[in-house]
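A quick write-up on the structure given underneath.
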């Protein structure tokens, strides 16, 4: 009985963390290639962004972001659902492209030390 209660508490904590982590107000999308930031774009403006010399095309439309096309074989990034909430991301691992939505609010905590 105790194990079941602990399991339910852990599941509730995980659900609460997931809901709060992915529900921030989204304002912009950051695109990184090979671990380096290549650009930051406002979600309020519809646009297409060419990444890696055109091997990946990122599209922003109606406040949502998706990978329109990619030169990778598996096409996981292209088939990924559009993202629109803070901290969501799309990754094209073969081309090392990361598309991540940033939250509108800045955290006041810079570092946590014990």
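The values are calculated or read from the model by the stated rules, or taken from the named source; none is laboratory data. Predicted model only: the values in this text are computed from it and were never measured. Note that each Cβ is placed from the backbone with ideal geometry, even for glycine, and that neighbours are counted across all protein chains shown.
Taking residue 51, is it over 13 Å from the mean Cα position of the chain (by Cα), under 19 Å from residue 102 (Cβ atoms) and surrounded by 11 or more Cβ atoms within 10 Å (Cβ to Cβ)? Can you show your working first?
On the way: over 13 Å from the mean Cα position of the chain (by Cα): yes; under 19 Å from residue 102 (Cβ atoms): yes; surrounded by 11 or more Cβ atoms within 10 Å (Cβ to Cβ): yes.
The answer is yes for residue 51.
Taken over segment 51-72, the criterion of being farther than 19 Å from residue 40 by Cβ and part of a strand (DSSP E or B) is satisfied by 69, 70. A residue that is at pLDDT 90 or above and in contact with a helix residue (DSSP H, G or I) (Cβ under 9 Å, 6 or more places away or on another chain) can be found somewhere in segment 15-33.
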